[in-house]
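I have a structure here, written as structure tokens, and I will follow up with some questions on it.
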Amino acid sequence: MPDLSRLDPLKPVLPWLLLALGLVAPFALSAYDLNLLARFMAMGILALGLVLIWGHGGILSLGQGVFFGLGGYAIALHMKLADLPSGEIPDFMVWSGRDSLPFWWIPFSSPAFTIAAILIVPTLVGALFSWAVFHRRVGGTYFALITQALALAFSTLIISRQDVTGGFNGLTDFYSVFGFGLSSPGTGSGLYWVTLVVLCIAFVALRWLLASRFGILLRAARDGENRVRFLGYSPTPFKVVAFAIAAMLAGIGGALFTLHAGVVSPALIGVVPSIEMVVWVAIGGRYSLAGAIVGALLVNLARDAVSSAFPELWLYLMGVLFIFVVTLLPRGLAGLVQGKAA
Amino acid sequence: MSGSAVSDLLLSVDGVTIDYSGFKALDNFSMTLNRGETRVVIGPNGAGKSTLCDTIIGRVRPSQGRVLFKGEEIQRLPEQQIVARGICRKFQAPGVLPTLSVRDNLGLAARKDRRWWKSFGAGIPADEKRAVEEALESVGLTHRAGVEAGTLAHGEKQWLEIAMVMATGAELLLLDEPTAGMGPAETSRTAQLILGLGDSRTVLVIDHDMSFVEQLAAPVTVMHQGKFLKQGSIAEVRADAEVAAVYLGHTA
Ligand SMILES: Nc1ncnc2c1ncn2[C@@H]1O[C@H](COP(=O)(O)OP(=O)(O)O)[C@@H](O)[C@H]1O
Ligand SMILES: [Mg+2]
């Protein structure tokens, strides 16, 4: 395959174009639309992680919602506690008949602990989970199925423990974060800027990682895991580290999303949303970081437009879109830009 | 050859049996290789030649017998540890990494420090860079260094893989049918490549092509149905009635 990408003028400028749009948006959009864009950008952070593991590592995860949820619930616990008059417990706990906080809620009243938890818990869970599977040399479709089972188990667990998780309704009604009132317009645009900065950092860091020897080895293991072994490498740690990084990005995305959306619930992190996450990246282009961001933005924009008018239609439309892309555009929209559809 | 002083012994396959649910691909097979030696293994299709390589490199595990490399048992070690001790193998089907550039393929092979936490960076030590350029040169792929390995012609892939195996710096090279699919000119060049290694490496070559085997001018081990059949010079093996019967028996 000749390297057409160098001939194409759009590929190198696409990230800069996206950045320019991101910088202009706060001055061009209403507060409502800016909030919507910020949510989609938070999802874009998760999508970057899927490019790392799925596009370059060949590891399909249908369970990214779990890590998204871990980050989202961590910040939600903090906000629930921050808004509470001292000595009280969240109202849903009272309704469920509890009279005290569960012990694992307590440390989340500390902002430092919460930020550490957002960064560390999804990463650690991702690392341990993927190690347990990969070191037994389980991969491919089996791995995808196991991640889906994980997503199902996680959302089921949250729903079943209503008294400490908020159950099916999730956690909502947040008023402030780290001392900033969420209803003030300044906080909204401040959070937008934070999201944009995090997205840019994640983009640059992954670009570097994918170009490094680590990235080369990850692609090598995707193309021929055994070949890599017979060259003297153990592929497992490379895959585990990639998966942990993707989990971390999903967790950060989940926390930011929860801040923008003002809610986190099982409906946002279960099996179906986890599959949707893969669809964003399939459509945008799973080998391309910029493509994945575009995919997350476009698909969610379309979802917002379609599902407000025809709520039942969305899932079907997404399925059709997915099949269309997988069969005709394996490199997604980014493949079109790079002049190689196949 | 200098007798068989213990210090010369590099590899010894000792009474190995590989059992595929009742079918013995290797049946109490033994052979030894000395340091610096080049050895050719021949035998009819299905004789167990590839399985012998699989066993040495740890892809299959013997139900009986041992594999000793530098005097230590390796038949239970994970593949990457066997490679780390200095054995590398070229597979029968070309096993280059298709979406990596030719240079990156060789870079992975030449890399000395293969631990994952040393992989965060793009810098390549000068000696590894040199090894990569030399390897490119030796198989005439310098002008193709930037292309994706998957786009190479079949013969070029074979050479790339041979170059990768050499670039690992392994002491023992296992080359499984390195000239498969090559024309006479390419085959000669491959023979020159192997001869050019001199005494610095120990090489086990599996091949069918008798002109190639003649060019290597190395001792030949003949296998049949997973068992050792004969060993000697090419002339001796050619003149052997038993060997002829085995080959005829299979072609008839
Ligand atoms: N994974 C396997 N399962 C069952 N039989 C196998 C397997 N691999 C090889 N064999 C059998 O073992 C025998 C030896 O194979 P091989 O070592 O590939 O022969 P060759 O000398 O042609 O390289 C053949 O009869 C082959 O069918
Ligand atoms: Mg064979």
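Let me spell it out: the conditions are (1) of a type outside the set (A, V, I, L, M); (2) buried (at least 22 other Cβ atoms within 10 Å of the Cβ); (3) part of a helix (DSSP H, G or I), and A:F108 meets all of them except one. Which number is the exception?
(2)
If you check B:A218 against the conditions, is it in contact (Cβ under 8 Å) with a residue 24 or more places away in the chain, away from ligand 2 (no atom under 16 Å from the Cβ) and under 14 Å from the mean Cα position of the chain (by Cα)? It would help to see each step written out before you state the result.
Values: in contact (Cβ under 8 Å) with a residue 24 or more places away in the chain: yes; away from ligand 2 (no atom under 16 Å from the Cβ): yes; under 14 Å from the mean Cα position of the chain (by Cα): no.
Taking the combined requirement at face value, the residue does not satisfy it.
Here's something else I'd like to know. Only one of these conditions is not met by B:E133: (1) more than 16 Å from ligand 1 (Cβ to nearest atom); (2) acidic (D, E); (3) within 13 Å of chain A (Cβ to nearest Cβ). Which number is it?
Answer for B:E133: the failing condition is (3).
Rundown of residues vs (1) within 16 Å of ligand 2 (Cβ to nearest atom); (2) under 19 Å from B:V203 (Cβ atoms); (3) among the small types (G, A, S), yes/no style:
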site: B:L33; (1), (2), (3): no, yes, no
site: B:P44; (1), (2), (3): yes, no, no
site: B:T51; (1), (2), (3): yes, yes, no
site: B:V83; (1), (2), (3): no, yes, no
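Would you kindly identify the helices (runs of 4 or more DSSP H) lying entirely within segment A:173-277 that contain at least 1 residues that are more than 14 Å from chain B (Cβ to nearest Cβ) and of a type outside the set (D, E, K, R)?
A:185-211, A:235-261
Filter segment B:136-176 down to residues that are of a type in the set (D, E, K, R) and within 16 Å of ligand 1 (Cβ to nearest atom), then give me how many there are.
Result for segment B:136-176: 1.
Within segment B:64-84, does at least one residue satisfy the condition of being within 14 Å of another protein chain (Cβ to nearest Cβ), touching a residue at least 40 places away in the same chain (Cβ under 8 Å) and polar (S, T, N, Q)?
no
Looking at this structure, is B:T179 away from ligand 1 (no atom under 16 Å from the Cβ) and among the hydroxyl-bearing types (S, T, Y)?
no
Results for (1) within 30 Å of B:L141 (Cβ to Cβ); (2) among the hydroxyl-bearing types (S, T, Y); (3) surrounded by 14 or more Cβ atoms within 10 Å (Cβ to Cβ), shown as yes or no for each residue.
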residue: B:V165; (1), (2), (3): yes, no, yes
residue: B:I206; (1), (2), (3): yes, no, yes
residue: B:H224; (1), (2), (3): no, no, yes
residue: B:K227; (1), (2), (3): no, no, yes
residue: B:Y247; (1), (2), (3): no, yes, yes
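Give the residues of segment B:102-129 that are surrounded by fewer than 17 Cβ atoms within 10 Å (Cβ to Cβ), at the interface with chain A (Cβ under 9 Å from one of its Cβ atoms) and outside any loop (DSSP other than H, G, I, E, B), sorted by residue number.
B:W117, B:K118
Separate question: Take the residues in segment B:85-94 that are modelled with pLDDT under 90 and surrounded by fewer than 19 Cβ atoms within 10 Å (Cβ to Cβ), then tell me which one is nearest to ligand 2 (Cβ to nearest atom).
Of everything passing the filter in segment B:85-94, B:Q92 is nearest to ligand 2 (Cβ to nearest atom).
Right, another one. Mind checking whether some residue in segment A:175-188 is surrounded by 14 or more Cβ atoms within 10 Å (Cβ to Cβ), in contact with a Gly (Cβ under 8 Å, 6 or more places away or on another chain) and under 30 Å from A:A127 (Cβ atoms)?
No, there is no match, as no residue in segment A:175-188 is surrounded by 14 or more Cβ atoms within 10 Å (Cβ to Cβ), in contact with a Gly (Cβ under 8 Å, 6 or more places away or on another chain) and under 30 Å from A:A127 (Cβ atoms).
Restricting to segment B:47-59, name every residue that is in contact (Cβ under 8 Å) with a residue 24 or more places away in the chain and within 13 Å of ligand 1 (Cβ to nearest atom).
Across segment B:47-59, the qualifying residues are B:A47, B:G48, B:K49, B:S50, B:T51, B:L52, B:C53, B:D54, B:T55, B:I56, B:I57.
Would you confirm whether any residue within segment B:149-162 is away from every other protein chain (no Cβ under 14 Å) and polar (S, T, N, Q)?
Among the residues of segment B:149-162, at least one is away from every other protein chain (no Cβ under 14 Å) and polar (S, T, N, Q), which makes the answer yes.
Filtering segment B:212-242 down to residues that are farther than 24 Å from B:S188 by Cβ and of a type in the set (A, V, I, L, M, F, W, C), which residue is nearest to ligand 1 (Cβ to nearest atom)?
Only one residue fits best here, namely B:M223.
Got at least one residue in segment B:171-180 being of a type outside the set (D, E, K, R), surrounded by fewer than 20 Cβ atoms within 10 Å (Cβ to Cβ) and within 16 Å of ligand 2 (Cβ to nearest atom)? I'd like the intermediate steps shown before the answer.
Restricting attention to segment B:171-180, the residues satisfying the condition of being of a type outside the set (D, E, K, R) are B:172-175, B:178-180.
With surrounded by fewer than 20 Cβ atoms within 10 Å (Cβ to Cβ) added as a condition, the list becomes B:180.
Then drop every residue that is not within 16 Å of ligand 2 (Cβ to nearest atom), which leaves B:180.
Yes: one or more hits.
From the set of residues in segment B:92-101 that are in contact with a Lys or Arg (Cβ under 8 Å, 6 or more places away or on another chain) and touching a residue at least 60 places away in the same chain (Cβ under 8 Å), which is nearest to the other protein chains (Cβ to nearest Cβ)?
Step by step, filter segment B:92-101, then rank; the result is B:G95.
Something else: Checking B:T99 against (1) within 16 Å of ligand 1 (Cβ to nearest atom); (2) in a loop (DSSP other than H, G, I, E, B); (3) touching a strand residue (DSSP E or B) at 6+ places or on another chain (Cβ under 7 Å); (4) farther than 24 Å from B:V213 by Cβ, which test does it fail?
B:T99 satisfies every listed condition except (1).
Considering only segment B:18-46, state which residues are hydrophobic (A, V, I, L, M, F, W, C) and either surrounded by 14 or more Cβ atoms within 10 Å (Cβ to Cβ) or more than 8 Å from ligand 1 (Cβ to nearest atom) (or both).
The initial filter retains those residues of segment B:18-46 that are hydrophobic (A, V, I, L, M, F, W, C), namely B:18, B:23, B:25-26, B:29, B:31, B:33, B:40-42.
Within segment B:18-46, B:I18, B:A25, B:L26, B:F29, B:M31, B:L33, B:V40, B:V41, B:I42 qualify.
The values are calculated or read from the model by the stated rules, or taken from the named source; none is laboratory data. Values in this document were obtained by computation on a predicted structure and should not be read as measured data. Virtual Cβ from ideal backbone geometry, glycine too; neighbours counted across all protein chains shown.
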